[in-house]
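Data first, discussion second: the structure below is written as structure tokens.
The values are calculated or read from the model by the stated rules, or taken from the named source; none is laboratory data. The structure presented is a predicted model; accordingly, all values stated were derived computationally and were not measured. Every residue, glycine as well, gets a Cβ built from its backbone with ideal geometry; the counts of neighbours run over all protein chains shown. The protein model used for the area step is the full one, side chains on, heavy atoms only, and it has no ligands, DNA or RNA in it. Shrake-Rupley method; radii C 1.70, N 1.55, O 1.52, S 1.80 Å.
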Amino acid sequence: GYDDEMIARVKTIVSKKGLKVNAETQLMEDVVDLVFIEHYLVGFAAQHPEYDEAKWILIIKKTWRKMSPYAHEFALAGKIRLPEALAPLILKAVQ
């Protein structure tokens, strides 16, 4: 029931095409990354006890680079809860 234009738009967003230049794609990426940091990073960390600090900083930096400046501000302003155990490492990676 959706027209071709809407289907193409959604495909662009979901495939992350135009990251940093397509506002809808960027918004989805920001949401995905913020949710990962707030809700899934601790579980991911528990699955990878073999990762050292350098590896975690690299993972956090890669995630951070995909986010918009607005999402950075949103996260650092306390609008999401950083995982308590990982907050110092997250802050170290993004500073």
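Give me the Kirkwood hydrodynamic radius of the chain in Å, from all C-alpha pairs, to one decimal place? Can you show the working numbers first?
Numbers: mean 1/r = 0.0690 Å⁻¹.
In the chain this quantity evaluates to 14.5 Å.
Using a 1.4 Å probe over the heavy atoms of the protein chains, calculate the carbon and sulfur portion of the accessible area of region 27-95 as a whole percent.
Details: 2700 of 4400 Å².
Answer for region 27-95 is 61 percent, counting heavy atoms of protein chains only.
What figure in square angstrom, to the nearest 10, would you give for the accessible area of LEU91 with a 1.4 Å probe?
70 Å²
FRET efficiency for ASP52 and LYS20, Cβ-Cβ distance as r, R0 = 30 Å, nearest 0.05?
Values: r = 30 Å, r/R0 = 0.99.
Efficiency computed from Cβ-Cβ geometry: 0.50.
Need one value: the accessible area of TYR70 in square angstrom, 1.4 angstrom probe, rounded to the nearest 10.
150 Å²
Which loop-located GluC sites (Glu not before Pro) does region 1-51 contain, where loop means any DSSP state but H, G, I, E or B and the Cβ has at most 11 other Cβ atoms within 10 Å?
Numbers: sites: GLU5, GLU24, GLU29, GLU38, GLU50; in loops: GLU50.
Loop-located and lightly packed - GLU50.
Does region 1-41 classify as rounded, prolate or oblate by the C-alpha gyration tensor (a ≥ b ≥ c root eigenvalues; a/c under 1.5 gives rounded; else a/b over b/c gives prolate, otherwise oblate)?
Because a/c hits 1.5 or more and a/b exceeds b/c, region 1-41 counts as prolate.
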